[in-house]
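S.K.: Have a look at this one.
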Amino acid sequence: MTIGLGHFLALGAVLFCIGLYGVLAKRNAIIILMAIELMFNAVNVTLVAFSRFITPNLLTGQVFAIFVITVAAAEAAVGLGIIICLYRHRETVDAEQFNLMKW
Amino acid sequence: MSDPVLAGVFYLVAALTVASALGVVLTRNILYAALFLVVSFAGVAAVFVLLNADFLAAVQLLIYAGAIAVLIIFAIMMTQNPVKAGISNEQRWPAFILAALMLVVLLAGATATVWPLSSLAPLEATTAPLGKLLLNEFVLPFEVVSVLLVAAMIGAIVISRED
C-alpha cells in the first residue's frame, strides 16, 4: 500500500471539483468566495505534490504555492470588502440580485 | 512513502478534508459552512505535512485557518440574512454534471500521463531553502506580490469604507 503522486493528484482533483460545484451552484456570494478558496487549496495540494514527487530537491512547486496563498489572501480581502459594500447598498448578498451590468 | 501507518493517515486526512469540503457546499447554514471550511483548511495543512512541506503547513494554518477564516466569519456576521443563507440556484444539476465531468477529465488526465517521477529523498527542512529561493531566484515575483498585497489592502479599505 504505497501512497504516491496519483493519490495526491486525485485528492486535489476531488477538492477542485467540489469547489467548482460550489462556485456554480450557490446563491450566496460569501459561499461562492469560500468555494473559490477551496479551489485554491486544491491547486496548492497539486503543486506541492508535484514538487515532492517530481523535483524533490528543488522547491519550485512550494514557492508557487506560497505565491498562490498570497494572491488568495489578497483576493479574499478585496472580495469580502466588495461583498460588504454591496450589502450596504443593496441589503443582500444573493449573487442573483447583482445584475446591474447584465444585458 | 510505503509505510502502512502513513497510508492510513493519508486516507484519514483525505477523507476528513473531502468530507468537510462537501460540508461547505452542501450545508444550508452559512456559519456551519465557514466552520467546515476551517476543518478543510486544517486537513490540507496535514496533507502538506505528509508531503514534507513543513513551512507550507505552518503557513496554511496561519493564513487560511487563521486569517482568512476569521475574515470570512466577520463578513458573515456583518452581512447575513440567515433565513436564506446557503441555498442553491436553479443551475444546481447542470453545475453538478459539469463538476462531475471535470473530475472525470482531471482523473483521466492524471492517470493517463506518465510522470517523470524522481526517487531522490525530499529535503528534511524546507524553511531555510525556501527563504533563499524567495530572495534570490524569485526576488522579482516576491516584490511584485508584496506590491499586490499592499494594493489589495488599500483597495479593501477604500471599497468597504463608509461615506
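S.K.: From the list A:ILE32, A:ILE69, A:ILE83, exactly one residue is of a type in the set (Val, Ile, Thr), in a helix (DSSP H, G or I) and more than 7 Å from every other protein chain (Cβ to nearest Cβ). Which is it?
M.R.: Within the list A:ILE32, A:ILE69, A:ILE83, the selection yields A:ILE32.
S.K.: Select from region A:86-103 the residues that are in contact with a helix residue (DSSP H, G or I) (Cβ under 7 Å, 6 or more places away or on another chain) and either crowded, with 17+ Cβ neighbours inside 10 Å or not in a helix (DSSP H, G or I) (or both) and list them in ascending order.
M.R.: A:TYR87, A:VAL93, A:ALA95, A:PHE98
S.K.: Mind listing whichever residues of region B:91-123 are in contact (Cβ under 8 Å) with a residue 60 or more places away in the chain and either loosely packed, with under 12 Cβ neighbours inside 10 Å or of a type in the set (A, V, I, L, M) (or both)?
M.R.: Matches in region B:91-123: B:LEU123 only.
S.K.: Consider B:VAL38 carefully, then state whether it is closer than 17 Å to A:MET39 by Cβ and either in a helix (DSSP H, G or I) or of a type in the set (Asp, Glu) (or both).
M.R.: Judged against the criteria, B:VAL38 is a match.
S.K.: Right, here's the next one. In region A:35-46, which residues are more than 7 Å from chain B (Cβ to nearest Cβ), in contact with a Gly (Cβ under 6 Å, 6 or more places away or on another chain) and among the hydrophobic types (A, V, I, L, M, F, W, C)?
M.R.: Of everything in region A:35-46, those that are more than 7 Å from chain B (Cβ to nearest Cβ), in contact with a Gly (Cβ under 6 Å, 6 or more places away or on another chain) and among the hydrophobic types (A, V, I, L, M, F, W, C) turn out to be A:MET39, A:ALA42.
S.K.: Another question, if that's okay. Scan region A:86-103 and report the pairs whose first residue is at pLDDT 80 or above and whose second residue is among the acidic types (Asp, Glu), with Cβ atoms within less than 8 Å and a gap of 6+ or a chain change.
M.R.: Pairs that qualify, where the first residue is at pLDDT 80 or above and the partner is among the acidic types (Asp, Glu), are A:ARG88/B:GLU162.
S.K.: Within region A:51-84, how many residues turn out to be within 22 Å of B:ALA69 (Cα to Cα) and among the charged types (D, E, K, R)?
M.R.: Counting residues in region A:51-84 that are within 22 Å of B:ALA69 (Cα to Cα) and among the charged types (D, E, K, R) gives 1.
S.K.: Additional query: Tell me, which residue of region A:53-62 that is without any contact (Cβ under 8 Å) to a residue 40 or more places away in the chain, within 7 Å of chain B (Cβ to nearest Cβ) and crowded, with 21+ Cβ neighbours inside 10 Å is farthest from the chain's Cα centre (by Cα)?
M.R.: That would be A:LEU59.
S.K.: Could you check, for region B:47-64, whether at least one of its residues is of a type outside the set (Ser, Thr, Tyr), buried (at least 16 other Cβ atoms within 10 Å of the Cβ) and closer than 24 Å to A:ASP94 by Cα?
M.R.: no
S.K.: What pairs can you find where one residue is in region B:134-163 and assigned to a loop (DSSP other than H, G, I, E, B), the other is not hydroxyl-bearing (Ser, Thr, Tyr), and their Cβ atoms are less than 7 Å apart, with a gap of 6+ or different chains?
M.R.: From residues that are assigned to a loop (DSSP other than H, G, I, E, B), the pairs are B:PHE138/A:VAL63.
S.K.: Only one of (1) in contact with a helix residue (DSSP H, G or I) (Cβ under 6 Å, 6 or more places away or on another chain); (2) within 23 Å of B:GLY131 (Cα to Cα) is not met by B:SER40, so which one is it?
M.R.: Checking B:SER40 against (1) in contact with a helix residue (DSSP H, G or I) (Cβ under 6 Å, 6 or more places away or on another chain); (2) within 23 Å of B:GLY131 (Cα to Cα), the one that fails is (2).
S.K.: Could you check region A:9-29 and list, in sequence order, the residues that are assigned to a helix (DSSP H, G or I), within 7 Å of another protein chain (Cβ to nearest Cβ) and touching a residue at least 40 places away in the same chain (Cβ under 8 Å)?
M.R.: Correct list: A:LEU9 only.
S.K.: Turning to a different aspect of this structure: On the given criteria, is B:ALA19 at pLDDT 90 or above and surrounded by fewer than 16 Cβ atoms within 10 Å (Cβ to Cβ)?
M.R.: The answer is yes for B:ALA19.
S.K.: Would you mind finding the one in B:ALA53, B:ALA69, B:ALA46 that is in contact with a Lys or Arg (Cβ under 9 Å, 6 or more places away or on another chain) and touching a residue at least 24 places away in the same chain (Cβ under 8 Å)?
M.R.: None of the others qualify; the one that does is B:ALA53.
S.K.: Please go through region B:39-55 and give me each residue that is touching a Ser or Thr at 6+ places or on another chain (Cβ under 9 Å), of a type in the set (A, V, I, L, M) and more than 7 Å from chain A (Cβ to nearest Cβ), ordered by number.
M.R.: B:VAL39, B:ALA42, B:ALA46
The values are calculated or read from the model by the stated rules, or taken from the named source; none is laboratory data. These figures come from a predicted structure and were not determined experimentally. Glycine gets a Cβ as well: all are built from the backbone with ideal geometry, and neighbour counts include every protein chain shown.
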